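What follows draws every value from the coordinates through simple rules; no lab data is involved. Remember, predicted model here, so these are calculated numbers, not experimental data. Please note: Cβ atoms are built from the backbone with ideal geometry, for glycine as well, and neighbour counts cover all protein chains shown.
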Amino acid sequence: MTYANPVSRALRSFCRAVALLGGVLLLAVIAVVVASVSGRSLVWIGLGPIPGDFELVEAGGALAIFCFLPWCQLQKGHVSVDILEGWFGKRFDAGLDTIYNLIMTGLTGLIAWRLWAGMLDKMTYGETTFILQFPVWWGYAVCLPFAVLSVIACFWTAVESAGFVRAEPAARA
């Protein structure tokens, strides 16, 4: 499917780049796990686990997931129940998609809001990680822009779906 709208093309390109960044982060997390497990098994030659490996995996994994969410939404990769799909025509299906996408917009907005609130809470109390002692709010702060991008992607898919509802049947075929 080609997207003639320049906003749609730009959003899709940006979200795809962010998802690729998430893939690189996930590869880095995998490398940390492999190095740490290998170090644990090679203690007898003087190696050891990476200090704070669990903290790094936790923060890196969360960030990777938030990087994947906008692209997943734009690709319609989230799970949906399509019991009624195809029974009432394409316009009805587009209406259902609009409703689903608006629900996703609300849910991702809720996640972004609570991520913001959690970040402020962690900043207020100065909570740090156990081993590396970095502030926990850093993880929240780094994930927050990608959560907001996910809200934007969800809203945009709702706008696109609503456009399909309004489009003439011949124009969508």
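Each Cα pair under 8 Å and six or more residues apart adds its sequence gap; the mean of these over the residue count of the chain is a relative contact order of 26 percent.
Between 0 and 90 degrees, the angle of helix 137-166 with respect to the longest Cα principal axis of the chain falls at about 10 degrees. In the chain, the DSSP-assigned H stretches of four residues or longer account for a calculated mean residue ellipticity at 222 nm of -26500 deg cm²/dmol, using -39500 (n - 2.57) per stretch and the full residue count as denominator.
For chymotrypsin sites (Phe, Trp or Tyr not before Pro), the sites in region 98-159 that DSSP calls loop and that have at most 11 other Cβ atoms within 10 Å are Phe130. Sites counted here are GluC sites (Glu not before Pro) in a DSSP loop (not H, G, I, E or B) having no more than 13 other Cβ atoms within 10 Å; the longest part of the chain that contains none of them is 1-84. Computed over every Cα-Cα pair of region 30-162 and binned at 10 Å starting from 0, the pair-distance distribution P(r) comes out as 12, 29, 24, 19, 11, 4, 1 percent. Against the main long axis of the alpha-carbon atoms of the chain, helix 53-74 sits at an angle near 10°.
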